[in-house]
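Structure first, then comments.
The values are calculated or read from the model by the stated rules, or taken from the named source; none is laboratory data. Owing to the predicted nature of the structure, the values given are computational and were not obtained by experimental measurement. Positions of Cβ are backbone-derived with ideal geometry, glycine not excepted, and every protein chain shown enters the neighbour counts.
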Amino acid sequence: MLITIDIYSSLPLLLVENMLSREVAERIFPIPEQGVRTSADNFAVRPALLLGEVYRMDQILGKYRVHGENNWENTQNLKILSREFYYVLEFFLNSKLQENGKEPIISFFDSMHAETYYKKFGENLDLLKLALRVLKWRKDAKTIRFFGHTTKLTAKKYLKNLKEYLRLRNKKN
């Protein structure tokens, strides 16, 4: 069954088991080694989503055994990958698009999928700026909900900071 997939949010479903046609693999490999400590599958699966067709099978063809240090998906500190990782991935994906005669359009940090990253590493305004950038390019129900949710989160953070500031100021007086 041929399916359409969002390049960022659908990825966990595709990393369980994946196969690439030789034609797609030759258009993707080699993949970067610098700046990639975990999640190397991203460099095979994501460009395959951009350059090939994706099919789904319900039949189980293999099993995955979690052992030692390969259980990174369930560790809190690695669920959000480093900024360097996303830059390397974004550059790789855009270069593969260009090599294959397509426009380089991938920008993780301008997508709503970067929300978790900005929540953890960004400033209060970064979330609001993200919401505005996303809304500029896409105006559908999902984006409007994202904009509302992100605006609400930013307002809550600012109110919390303002209350703390006023509390400290009143304490001094």
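Computed values, structure above
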{"read-out": "Only listed residue being over 22 Å from residue 83 (Cβ atoms) and outside any helix (DSSP H, G or I), chosen from 152, 139", "value": "139"}
{"read-out": "Region 99-112 residues that are under 11 Å from residue 50 (Cβ atoms) and modelled with pLDDT under 85, paired with ones that are surrounded by fewer than 14 Cβ atoms within 10 Å (Cβ to Cβ) and of a type in the set (Gly, Ala, Ser) (beta carbon under 6 Å, 6 or more apart)", "value": "none"}
